[in-house]
1. Please compute the alpha carbon radius of gyration of the chain, then divide it by the globular-protein estimate 2.2 N^0.38 Å. Two decimals is fine.
2. Using the count of nearby Cβ atoms within 10 Å as a rough guide to exposure, how do 13, 39 rank from fewest to most?
3. Considering only 18, 44, 29, give the residue with the highest GNM mean-square fluctuation for the chain, with springs between Cα atoms whenever their separation is below 10 Å.
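What follows is calculated from the coordinates using simple rules that are stated; it is not laboratory data. What you see is a predicted model, and the numbers here were worked out from it, not measured in a lab. Here the Cβ is made from the backbone with ideal geometry for all residues, glycine too, and neighbour counts use every protein chain on show.
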């Protein structure tokens with residue numbers, strides 16, 4: 001189990017409220033809001049940190065991906081092999097798909 005999987009397991013062990021609070025703390029290193037693919041709809045809905053939360057409810061077009069340069073992704077060694085989390089889904093979901 002890698003460091004990112006451990007983080008996800010820790011988050012899953014929390015209550016929903018505590019999980020939301022932890023995710024808010026993790027968002028400070030997320031580059032989603034400055035990514036070319038991030039759009040006004042995602043901004044309006046405050047969607048962020050897709051590698052954990054999953055696909056956006058409204059982003060539909062891949063315009064470029066900053067996941068490989070994201071400080072959060074770098075810390076957990078994700079974002080290179082799998083990315084475009086906002087459209088393709090969480091990191092762990094993409095791992096399962098191959």
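1. In units of the globular-protein estimate, the chain measures up at 1.01.
2. In order of increasing Cβ crowding within 10 Å: 13, 39.
3. 44
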